1. What pairs in Lys39/Lys303; Lys39/Lys342; Lys30/Lys342; Lys34/Lys388; Lys123/Lys227 have C-alpha atoms more than 31 Å from each other?
2. Who wins for biggest fluctuation among Leu71, Leu203, Leu106 in a Gaussian network model of the chain, springs between alpha carbons below 10 Å?
3. Please list the radius of gyration and Dmax for the stretch 226-267, considering alpha-carbon atoms only, with Å as the unit.
4. List the trypsin sites (Lys or Arg not before Pro) in the stretch 218-285 that DSSP assigns to loop (not H, G, I, E or B) and whose Cβ has at most 15 other Cβ atoms within 10 Å. Which are they?
5. Under the Karplus relation 6.51 cos²θ - 1.76 cosθ + 1.60, θ = phi - 60°, what is the ordered set of whole-Hz ³J(HN,Hα) values for the stretch 35-52, x standing for Gly and Pro?
6. In Å and whole numbers, how far do the C-alpha atoms of the stretch 300-371 stretch along each principal axis, longest first?
7. I'd like to compare 311-318, 33-40: which one has the highest average count of other Cβ atoms within 10 Å, and what's the full order after that?
8. Which far-off residues, 5 or more places away or on another chain, put their amide H under 5 Å from the one on Ala372, with H placed in the peptide plane?
Amino acid sequence: MWKSGGPVEKKETIKIAGMSCAACSARVEKGLSKLEGVKSANVNLATEQAVVQYDDQLLDARQMGALINKLGYRVIETEAEKPGEVDLGISGMSCAACSARVEKKLNSLPGVQAANVNLTTEKARVTYDPGQIKVSEMIAAVEKLGFGAQRQEDINRAKQQADEERELKQMKIALLVSIILSFPLVTAMILSVLKVQGPLVNLLHHQYFQLALATPVQFIIGSRFYKQSWYALRSGSANMDVLVALGTSAAYFFSLYNAFFQQVPAGAMKDLYFEASAIIITLILLGKYLEAIAKGRTSEAIKKLAELQAKTARVIRNGQETDIPVEEVEQGDIVVVRPGEKIPVDGRIVEGISAIDESMLTGESLPVDKQAGDLVYGATINKFGVFKLEATRIGKET
C-alpha cells in the first residue's frame, strides 16, 4: 500500500490486562519505548492503559500488541469507534433470519447510513448521522424486535470487570491455601528453635511431611512466579519474579537434596529449609493480593469520578440547540452551558464569560473566572454566566 513520504504521528490507546504492580507497568512502558518509531509511551497502572505516540510508517498497533503479549501481559481488544459509527452487541439472535431482521430494522431508521449485523460475533456495526438519530434510539428499535442491544464498549467494560473480580478471587484462594500449607512448616521451624520435643514435633519435622506441604506451594501456587520470570528473561530483563523464583528454588531444591541424601546421626534432624521457600511465596503473594485490592480501589475511585460527568449535553446542530447523551458529543461540536450546569466535556470557550467551580479537580474552593479562549473541563460546574464551548476531548479522553 502506497504511503506519503512524510512521517505521520499517531496516538494509540491500548488496554492491558495482567499488570499487578508498578514494576509491571514500568516493564511495559520500557518495552514500548524501545520499539522503533515510538515517540513516547506512558502506561497507567490504575487505568490499565498505555498511550503511545508513534510513527505509523515504522510501527502499527499489531506490533505493539505482540510485544505486550511477549512480555507476559494481555492486550484487551477494543474496536475504536469513529464519529458517526457505533458497535452494538446484540443478544438473543439464534439464526440468520434473526440477524437479517435486526439489520433490516437498523437500515430502515432515519439517519442510519449503513448497518451490518454479524450473527457469529453477535455484533452490529452502524454508520449513522448523529444529527438525525441517537444511539439510544437504535437500541430501542432493536429491543422492540425482541432482542437485547447494548453498546459494545459497555459490554467490554462489564466483561473486563468480571475478569478482574475472578482473578482477584483466584488470588485470594491461592493465598489462603498457601497460608494453610505454610503454617505447619513455620511452626516446625519455631519449635525447632525453641528445642521443643514430642511426637507432633517429630511429625512436623519429617522430611516427607514437609516435602508434601512445600511442593504444591512451590510449583502450583508459585507457578505464576516461574511464568513471569520466563517472560522477563525472554525479553532480556530481570524483575522481582526472577528473584523470587531463584531464591525459593534454591531453598526448595537444597532441602529436597538433603531430604534424600544427607546423612545425619540417629535422632538428629536433617537440614531442611522448605519453610523458607513456602513462606517467601506466601508473603509475596500476600503483598500482590493487597496491591491488587489497592489498585482496584483506585480504579473504582477513578470510575466514580467519571460518573460525576453530566449525562446529557446541549449542542448546536443545524442552527438549533439539541439535548443529546454526552456519549454522542463529537469533537468540534459547539456545546451550550447554562448557570448551575455541569460541563459535559472538555473544551475551549468560544463565546461568553463565567466562573467555574473546579474544586473536584483542584481542591480550590473559589470559582475560577473563564472567558473566550480558556479551557474548561468535564464534570466541573458552571456557576454564573452562559457560555459556548468547542468540544476538544470527549468520551474516555476527558
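1. Working: Lys39/Lys303 29 Å; Lys39/Lys342 35 Å; Lys30/Lys342 38 Å; Lys34/Lys388 43 Å; Lys123/Lys227 35 Å.
Distance filter (> 31 Å) returns Lys39/Lys342; Lys30/Lys342; Lys34/Lys388; Lys123/Lys227.
2. Largest GNM mean-square fluctuation: Leu203.
3. 15.2, 50
4. Details: sites: Arg224, Lys227, Arg234, Lys270; in loops: Lys270.
Answer by residue number: there is no such site.
5. 5, 5, x, 7, 8, 7, 9, 10, 10, 9, 5, 5, 8, 6, 10, 10, 10, 10
6. Answer, in whole Å and largest first: 38, 31, 19 Å.
7. Working: 311-318: 16.4, 33-40: 14.1.
So the peptides 311-318, 33-40, ranked by packing, come out 311-318, 33-40.
8. Under 5 Å from the amide H of Ala372 lie the amide H atoms of Gly352, each far enough along the sequence or on another chain.
Read the figures in this text as sums done on the coordinates, not as results from a lab. Owing to the predicted nature of the structure, the values given are computational and were not obtained by experimental measurement. Note that each Cβ is placed from the backbone with ideal geometry, even for glycine, and that neighbours are counted across all protein chains shown.
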